[in-house]
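What follows is a single structure, written as structure tokens, with notes after it.
The values are calculated or read from the model by the stated rules, or taken from the named source; none is laboratory data. It should be emphasised that the depicted structure is a prediction, and the values quoted were computed from it without experimental measurement. When we count neighbours, we look across all protein chains shown, and the Cβ atoms used for this are built from the backbone with ideal geometry, even at glycine.
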């Protein structure tokens, strides 16, 4: 009757995008489909469904094959698809492998773009949803909390998530390396195009002071300026406004260079030689490469940025090796905890009950706090409740474990414990002995 | 005197550990280690302040005739300026130059035997204090501009040539920050340098009844002043930013070092600090 951790999943590594779309589990609730229930195959479950991966993490006591077929059946029927097709694309990890996979996913070591930060947020959302649906228990709760903290560790101790791996972020990082904080700086977007607009958007998110938008026609410029909340300009007027621009993103369809080194020399004088950063996304290039020779002027074209991105990616792959070691360590710690529990169902029930009480009480107390209480207070309260319950239940658990080792008497005590803590959730009337007293 | 020896040793050890931990923190990109380094240096600096103060009050002006005192004061000024910049601009990385520089200067001051200098005449307190104080502060400012200038040139060439940045380079602040250090060092440093030089001449006029004596130090200083004046002019009128002022600040600081070490200790001059 041992509890076992299972992880079923599809990811960009094992399945095409069509398959992932077909088997997406958005809106899937393991409780309503009776995957998790008193008589269901598993006692805890969590569903993660993003565009690059669909995974079900669950804990149950049935044997591997039974759990596999029940979970896949529920999954496939939710998606109105063939379970055999699903079975061909799936990976199934158990025990340590499952824990390790989850921790790697949380640390973004299994992501398509190594080290990208979104996955952790998606996992947190999935966990929050599972908690609200009451489909998690003591093992998944602990496992997810540990996956978050190990992800945090990999992020702070390795550089796996630092340095930009997209062209527009690489441009933003360079701008920050030149100017520092961008909130006093202005940018000019010349022309339009997906990548140039993305770079402009990222810069704006860094708190840019103003953006000027120049285009061949004023109408188009006005349209873009509305989109970015910027100032529209005509292409002919750019030299008049260049002295105000610190960052220039250029992406026009012009066949020849529109900005030359000799033009910039005058601009620099007007700017009192404050630095300028040119980002040339156009092919053929809009900005004369000689501009880069001037002091205090930096020019990156699309190939340069692409190169930066590739170097950063290579750097991330090196860092990922370090991060994997951290994940291994954290998995070891989790396993140690798991084996200390030795997972007899009564102990798991006891812990689950404790956690539920803690969570309920925290929710109640939070209602009494002012609505703008900070994250820290909430966390402290949650921690307090959890550790209080953990400490209170520690002695009974140790007692049960010890009795389990002495043969013969364990059933009696387990039964007693289930009654004392009402683990079978029996409805007890308010006043059960009232009749006796009356006699 | 033994207690002073022990105090000096503790200060030197604090500076040494401050310098080493900062480099370690930078190599392993650990912010905490870098912070520890700044605090170690800070402790050293506080003890150093007490050390100088005690020596001055106990010796009551007599220390002013000891070369040791001046070198130690130079080390102290480096850190004073560093901590001011660290406090105003949060420029931790200057510790990379400030801590080792203070360490070297301070240990050097310990190595000099405390012999008496032939400082002639009546010390005209105000002019002399002005002379030493403003010159030392401006040299310390130049030291910071020197460190920031090296970092600027390194980062600038990395960005210009689009070459791969190592982990240490990635941790560096922006080019603008380094340029701002240069800006303040030049804008504050040059007037102080001028005040220091002028007050020296005035003091000489009072003491020796002559302003200019073709002393090697005086000739050299006027040369440095001219270069510094040029840099100040170019910066203040808005012409120069970035690479050129960084390079020139480096040159001026090296010249000042040559002047402070080479001329004061190895030539015949009435600025001699030779024991």
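For residue A:184, the conditions (1) within 14 Å of chain B (Cβ to nearest Cβ); (2) under 30 Å from residue A:316 (Cβ atoms); (3) at pLDDT 90 or above all hold with the exception of (2). Residues that are assigned to a helix (DSSP H, G or I) and buried (at least 16 other Cβ atoms within 10 Å of the Cβ) within region A:227-240 comprise A:228, A:235, A:238, listed in sequence order. Total residues in region B:159-188 satisfying the condition of being in a helix (DSSP H, G or I), closer than 20 Å to residue A:274 by Cβ and within 11 Å of another protein chain (Cβ to nearest Cβ): the figure is 8. Checking each residue in region A:165-180 for being in a loop (DSSP other than H, G, I, E, B) and either away from chain B (no Cβ under 11 Å) or touching a residue at least 60 places away in the same chain (Cβ under 8 Å) (or both) picks out A:165, A:166. What do you reckon, is residue A:297 at the interface with chain B (Cβ under 10 Å from one of its Cβ atoms), buried (at least 18 other Cβ atoms within 10 Å of the Cβ) and at negative phi? So residue A:297 fits the description; yes. Does region B:204-211 contain any residue that is without any contact (Cβ under 8 Å) to a residue 12 or more places away in the chain and buried (at least 19 other Cβ atoms within 10 Å of the Cβ)? Yes, the conditions are met somewhere in region B:204-211. In region A:27-43 there is at least one residue matching the filter, namely being surrounded by fewer than 22 Cβ atoms within 10 Å (Cβ to Cβ), more than 24 Å from residue A:351 (Cα to Cα), in contact with a helix residue (DSSP H, G or I) (Cβ under 8 Å, 6 or more places away or on another chain) and modelled with pLDDT under 85.
Based on what the data block shows, is residue A:309 at pLDDT below 85 and in a helix (DSSP H, G or I)?
Details: at pLDDT below 85: no; in a helix (DSSP H, G or I): yes.
For residue A:309, the condition - at pLDDT below 85 and in a helix (DSSP H, G or I) - is not met.
Within region A:320-336, can one find any residue that is within 14 Å of chain B (Cβ to nearest Cβ), touching a helix residue (DSSP H, G or I) at 6+ places or on another chain (Cβ under 9 Å) and in a helix (DSSP H, G or I)? Taking every residue of region A:320-336 in turn, at least one turns out to be within 14 Å of chain B (Cβ to nearest Cβ), touching a helix residue (DSSP H, G or I) at 6+ places or on another chain (Cβ under 9 Å) and in a helix (DSSP H, G or I). Per the listing A:207, A:193, the residue uniquely touching a residue at least 40 places away in the same chain (Cβ under 8 Å), surrounded by fewer than 17 Cβ atoms within 10 Å (Cβ to Cβ) and assigned by TED's automatic domain parsing to the domain that holds residue A:256 is A:193. Filter region B:242-262 down to the residues that are part of a helix (DSSP H, G or I), within 14 Å of chain A (Cβ to nearest Cβ) and in contact (Cβ under 8 Å) with a residue 24 or more places away in the chain and list them by number. If the condition is that a residue be part of a helix (DSSP H, G or I), within 14 Å of chain A (Cβ to nearest Cβ) and in contact (Cβ under 8 Å) with a residue 24 or more places away in the chain, then B:243, B:245, B:246, B:247 are the ones that fit. Condition test on residue B:147, is it closer than 30 Å to residue A:304 by Cα, in a helix (DSSP H, G or I), away from chain A (no Cβ under 14 Å) and under 25 Å from the mean Cα position of the chain (by Cα)? Against the criterion (closer than 30 Å to residue A:304 by Cα, in a helix (DSSP H, G or I), away from chain A (no Cβ under 14 Å) and under 25 Å from the mean Cα position of the chain (by Cα)), residue B:147 qualifies.
Within region A:300-311, the set of residues being surrounded by fewer than 21 Cβ atoms within 10 Å (Cβ to Cβ) and within 9 Å of chain B (Cβ to nearest Cβ) comprises A:304, A:307, A:311. Answer with yes or no whether residue A:219 is over 17 Å from residue A:300 (Cβ atoms), at pLDDT below 85 and surrounded by fewer than 21 Cβ atoms within 10 Å (Cβ to Cβ). Against the criterion (over 17 Å from residue A:300 (Cβ atoms), at pLDDT below 85 and surrounded by fewer than 21 Cβ atoms within 10 Å (Cβ to Cβ)), residue A:219 does not qualify.
Restricting region B:214-232 to residues that are farther than 30 Å from residue A:294 by Cβ and surrounded by 13 or more Cβ atoms within 10 Å (Cβ to Cβ), the residue that is farthest from the other protein chains (Cβ to nearest Cβ) is B:215.
Considering (1) in a strand (DSSP E or B); (2) within 14 Å of chain B (Cβ to nearest Cβ), the lone condition that residue A:269 does not fulfil carries the number (1).
Scanning region A:135-164 for residues that are in a loop (DSSP other than H, G, I, E, B) and either away from every other protein chain (no Cβ under 14 Å) or touching a strand residue (DSSP E or B) at 6+ places or on another chain (Cβ under 6 Å) (or both), we see that the one that is nearest to residue A:35 (Cα to Cα) is A:135. How many residues are within 12 Å of chain B (Cβ to nearest Cβ) and touching a residue at least 24 places away in the same chain (Cβ under 8 Å) if we restrict to region A:281-294? The number of residues fulfilling the criteria is 3.
Please find, among A:208, A:224, the residue that is part of a loop (DSSP other than H, G, I, E, B) and either more than 14 Å from chain B (Cβ to nearest Cβ) or more than 26 Å from the chain's Cα centre (by Cα) (or both).
The unique qualifying residue is A:208.
Within region B:233-241, at least one residue is surrounded by 15 or more Cβ atoms within 10 Å (Cβ to Cβ), within 14 Å of another protein chain (Cβ to nearest Cβ), within 25 Å of residue B:78 (Cα to Cα) and out of contact with any strand residue (DSSP E or B) (no Cβ under 9 Å at 6 or more places or on another chain).
Name, by its number, the condition in (1) on the phi > 0 side of the Ramachandran plot; (2) part of a helix (DSSP H, G or I) that does not hold for residue A:74. Every listed condition holds for residue A:74 apart from (1). With respect to the conditions (1) under 25 Å from residue A:170 (Cα atoms); (2) modelled with pLDDT under 85, residue A:291 lacks only one, and its number is (2).
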